Amino acid sequence: MGLIDVISQDDLKRTYKDWIEDAVQKRNHIRESRWTESVAVGSEAFVLQTKEKLGLKVKGRKIIEKEDSFELREPIVSYGTHLAPENTVLSAQNTYYWSLNQ
């Protein structure tokens, strides 16, 4: 509870409700990718600690500094060109012909 400066669960419930009501009133209900696409978001120390604790589960993920916080997330890459040879093999096997004259 110390991370968000609340004393009890009831205090946390009230604080969370206030956050939601504030966001709705401001019409600030857009998706923020840092919260939905990151493994961890917060201070540099918190993100480093999370990465260390998760070990191999977060292999290949990088710590990115954005605005006022840090994020642990996968690098954004295009799936287009580097998978073309593998996808070509799957294309012929991934076909289903419908019989329209039954």
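Just so it is clear, none of the values below were taken in a lab; they were calculated from the coordinates. Quick caveat, the model's predicted, so the values are computed rather than measured. Positions of Cβ are backbone-derived with ideal geometry, glycine not excepted, and every protein chain shown enters the neighbour counts.
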Roughly how many nanometres apart are two label points built 7 Å out from the Cα toward the Cβ at Lys66 and Thr36?
1.2 nm
Can you give me the long-range amide H partners of Ala40? Hydrogens built in the peptide plane at 1.01 Å from N, cutoff under 5 Å, separation of 5 or more residues or another chain.
Leu72
First select every other residue whose beta carbon is under 15 angstrom from the beta carbon of Val58; then total the charges, Lys and Arg +1, Asp and Glu -1.
+3
From the phi of every residue in the range 36-51, what ³J(HN,Hα) in whole Hz does the Karplus formula 6.51 cos²θ - 1.76 cosθ + 1.60 yield, where θ is phi - 60° and glycine or proline is x?
9, 10, 9, 6, 8, 9, x, 5, 4, 4, 5, 5, 4, 5, 5, 4
Between Lys59 and Trp19, what FRET efficiency comes out of the Förster formula 1/(1 + (r/R0)^6) with R0 = 35 Å and r the beta carbon distance, rounded to 0.05?
0.55
